[in-house]
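Here the structure is laid out as structure tokens; the discussion comes afterwards.
The values are calculated or read from the model by the stated rules, or taken from the named source; none is laboratory data. Nothing here was measured: the structure is a model prediction, and the numbers come from that model. Neighbour counts run over all protein chains shown; Cβ positions are idealised from the backbone, glycine included.
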Amino acid sequence: MAGGIILASGSRQRADLLRSYGIAFTVRVSDIEERVLPKEAPDALVRRLAREKASVVAESNPDRIILGADTIVFFEDQIVGKPADLDEATDMYRRMSGRSHVVYTGCCLHRRRDNIMALWHASTAVSFKCLTEEEIHHCIATCNPLDKAGGYALQDHEEVLISEYRGLRSTVIGLPVEEVAERLQRCFGLPALDSCCDRMHDNTIDNRQTARCENEDDVV
């Protein structure tokens with residue numbers, strides 16, 4: 001596909017994941033208000049925001065496949081986004097130390113020309129190790145916690161932070177790229193990637209929302 005897809009996100013982590021799968025893309029950052037609606041469930045939130053991000057960019061790029069994504073942490077029955085400052089990031093680490101949370105990433109692949117949309121979310125349960133203050137400050141100092149849901153980067157500090165996770169590792173990083181590759185093939189007819197089947201993680205959570213590759217009115 002000439003030009004590849006368009007990633008409606010400025011996330012370096014999402015870009016790196018697409019590159020790791022050999023998916024060609026360009027970046028057009030989608031500027032939307034990322035707010036939580038009253039009583040909105042975490043899975044509904046990430047799907048809605050992913051859809052809004054993709055739809056905004058699709059307006060000016062109707063012939064291209066747009067990928068929108070959004071990631072949040074769900075902890076203590078609350079939606080946790082990006083920390084506002086380093087103090088809030090430090091508090092997040094302290095609260096999550098020795099405890100479990102769930103990371104949700106919503107994805108939307110949309111081509112406006114023929115009104116095809118795949119909309120779904122993936123979720124991964126993550127358990128933190130019991131962290132010392134020294135470990136917390138090290139993690140804060142060696143990554144930018146302010147641009148990450150929950151304030152941490154699994155790919156940078158996995159050995160320090162994580163005792164276990166159940167689901168796709170890529171979901172925690174910010175994009176379930178294995179599922180993106182599969183839907184690009186199934187929903188949009190793109191050629192299969194040789195690495196896709198080999199890299200699929202078989203330990204996935206059962207409650208992920210499956211997308212239907214039909215017109216927009218029929219999307220879950």
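Restricting to region 34-71, name every residue that is buried (at least 19 other Cβ atoms within 10 Å of the Cβ), of a type in the set (Lys, Arg) and either touching a Pro at 6+ places or on another chain (Cβ under 8 Å) or part of a loop (DSSP other than H, G, I, E, B) (or both). Within region 34-71, Arg64 is the sole residue that qualifies. Mind checking whether some residue in region 128-135 is surrounded by 14 or more Cβ atoms within 10 Å (Cβ to Cβ) and assigned to a strand (DSSP E or B)? So far as region 128-135 goes, yes, one or more of its residues are surrounded by 14 or more Cβ atoms within 10 Å (Cβ to Cβ) and assigned to a strand (DSSP E or B).
When region 16-71 is limited to residues that are of a type in the set (Lys, Arg) and modelled with pLDDT of 95 or more, the one that is nearest to Ala153 (Cα to Cα) turns out to be Arg19.
Residues that are of a type in the set (Gly, Ala, Ser) and not in a helix (DSSP H, G or I) within region 136-188 comprise Ala153, Ser163, Gly167, Gly174, listed in sequence order. Screening the candidates Ile6, Ile23 for the property of being more than 12 Å from the chain's Cα centre (by Cα), over 20 Å from Val103 (Cα atoms) and part of a loop (DSSP other than H, G, I, E, B) yields one hit, Ile23. Here region 88-100 is the region considered, the condition is being surrounded by fewer than 20 Cβ atoms within 10 Å (Cβ to Cβ) and touching a Phe, Trp or Tyr at 6+ places or on another chain (Cβ under 9 Å), and the residue that is farthest from Ser127 (Cα to Cα) is Arg95. Within region 88-100, can one find any residue that is on the phi > 0 side of the Ramachandran plot, part of a loop (DSSP other than H, G, I, E, B) and without any contact (Cβ under 8 Å) to a residue 60 or more places away in the chain? Yes, region 88-100 contains a residue that is on the phi > 0 side of the Ramachandran plot, part of a loop (DSSP other than H, G, I, E, B) and without any contact (Cβ under 8 Å) to a residue 60 or more places away in the chain.
Scanning region 17-33 for residues that are free of Cβ contacts under 8 Å to residues at least 40 places away in the same chain and either hydrophobic (A, V, I, L, M, F, W, C) or surrounded by 15 or more Cβ atoms within 10 Å (Cβ to Cβ) (or both) returns Ala24, Val27, Arg28, Val29, Ser30, Ile32.
Among the residues that make up region 83-90, is at least one of them closer than 27 Å to Gly4 by Cα and under 18 Å from the mean Cα position of the chain (by Cα)? Checked region 83-90: no residue is closer than 27 Å to Gly4 by Cα and under 18 Å from the mean Cα position of the chain (by Cα).
One line per residue, one yes/no per condition, for (1) modelled with pLDDT under 95; (2) more than 24 Å from Arg48 (Cβ to Cβ):
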residue: Ser97; (1), (2): no, yes
residue: Ser100; (1), (2): no, yes
residue: Thr132; (1), (2): no, yes
residue: Asp147; (1), (2): yes, no
residue: Glu179; (1), (2): no, no
